[in-house]
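J.: Can you read through this structure? Questions will come right after.
The values are calculated or read from the model by the stated rules, or taken from the named source; none is laboratory data. This structure is a prediction, so every number in the text was calculated from the model and none was measured. Here the Cβ positions follow ideal geometry from the backbone for every residue, glycine too, while neighbour counts run over all protein chains shown.
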Amino acid sequence: MSANEQRSTFVTVIAWIFIALSGFTTVISILQNIMIQTIFSNPEFSQETKALPPDAPAFAAFMIEHFRLFFFAFLLASAFMLVSSIGLLKRRNWARLCFIGFMALAIVWHMGGLAIQFSMFSAMHEQVSAAATHGAPDMAPFFIAMAVFSVVLALGFSFLFGWIIKKLISAPIAAEFRR
């Protein structure tokens, strides 16, 4: 870059924030995968996961059956986000496009997570309501508070990621990534 070309502070700050976050999540994911491969490789554990209740929500059953794959995919995503964040700091256009894709995927992930969470809560709410008729405490306020918090959190992060996408596709920032 010549002396006249400016590097935006926005891209530098976003890149460093995500380098720190994705670096940390990559290290944690490596440790989680080591733990999962060593602790949960016991055949008895596999037998226990097959003995799920027949009325278990489909998503819960899927996650329990494929939890190793989920943690490995999270490791790959964290490592790829780290590489993309470093590329963003170096003003590589492929990294900017990958970063935009990750932000869009995160928005979809949050909205899909809300849908899954509400389906799981509805199944749990029926069980808790049945238990409340037999003298257990009423957990309905707790479920409502969790639902409200989840919606606020998902919408907040979706708005933030949408704003980051909007800034990264803006003409002045996109021009920084052209040679």
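J.: Test Val27 against the stated conditions and say whether it is part of a helix (DSSP H, G or I) and either more than 29 Å from Gln117 (Cβ to Cβ) or of a type in the set (Asp, Glu) (or both).
T.: No; evaluated as a whole, the condition is false for this residue.
J.: When both residues are 6+ apart or on different chains and their Cβ atoms are under 6 Å apart, which pairs have a first residue that lies in region 140-153 and is more than 18 Å from Ile107 (Cα to Cα), and a second that is part of a helix (DSSP H, G or I)?
T.: If the second residue must be part of a helix (DSSP H, G or I), the pairs left are Phe143/Phe121; Phe143/His125.
J.: Could I ask something else about it? Run Phe71 past the list (1) under 16 Å from Phe157 (Cα atoms); (2) of a type in the set (Phe, Trp, Tyr); (3) modelled with pLDDT under 95 and report the number of the one that doesn't hold.
T.: (1)
J.: So which residues in region 135-179 are part of a helix (DSSP H, G or I) and acidic (Asp, Glu), if there are any at all?
T.: Result: Glu176, single match.
J.: Then there is this: So which residues in region 167-178 are among the charged types (D, E, K, R) and over 12 Å from Val11 (Cα atoms)?
T.: Arg178
J.: Here is a list of conditions, (1) more than 19 Å from the chain's Cα centre (by Cα); (2) assigned to a helix (DSSP H, G or I), and Arg91 meets all of them except one; can you say which number that is?
T.: The one condition Arg91 does not meet is (2).
J.: I'm checking my understanding of the structure. Among residues of region 162-179 that are farther than 13 Å from Arg96 by Cα and under 21 Å from the mean Cα position of the chain (by Cα), which one is surrounded by the fewest Cβ atoms within 10 Å (Cβ to Cβ)?
T.: Trp163
J.: Next question. Determine which single condition Val11 fails, assuming it passes every other condition in (1) exposed (fewer than 15 other Cβ atoms within 10 Å of the Cβ); (2) of a type in the set (A, V, I, L, M, F, W, C); (3) over 22 Å from Leu76 (Cα atoms); (4) in contact (Cβ under 8 Å) with a residue 24 or more places away in the chain.
T.: (1)
J.: Select, from Ile107, Ile36, Ile64, the only residue that is assigned to a helix (DSSP H, G or I), under 20 Å from the mean Cα position of the chain (by Cα), closer than 30 Å to Gly162 by Cβ and among the aliphatic types (A, V, I, L, M).
T.: That would be Ile107, the only listed residue that is assigned to a helix (DSSP H, G or I), under 20 Å from the mean Cα position of the chain (by Cα), closer than 30 Å to Gly162 by Cβ and among the aliphatic types (A, V, I, L, M).
J.: Can you confirm whether Phe71 is of a type outside the set (Lys, Arg), over 26 Å from Ser8 (Cα atoms), surrounded by 15 or more Cβ atoms within 10 Å (Cβ to Cβ) and touching a residue at least 24 places away in the same chain (Cβ under 8 Å)?
T.: yes
J.: Next question, about the same structure. Being in contact (Cβ under 8 Å) with a residue 24 or more places away in the chain, within 16 Å of Ile14 (Cβ to Cβ) and of a type outside the set (S, T, N, Q) is the filter here; which residues of region 74-94 pass it?
T.: Result: Met81, Leu82, Ile86, Leu88, Leu89, Arg91, Arg92.
J.: Does Phe159 satisfy the criteria of being under 30 Å from Thr12 (Cα atoms), buried (at least 16 other Cβ atoms within 10 Å of the Cβ) and modelled with pLDDT of 85 or more?
T.: Considered against the rule, which asks whether it is under 30 Å from Thr12 (Cα atoms), buried (at least 16 other Cβ atoms within 10 Å of the Cβ) and modelled with pLDDT of 85 or more, Phe159 comes out as no.
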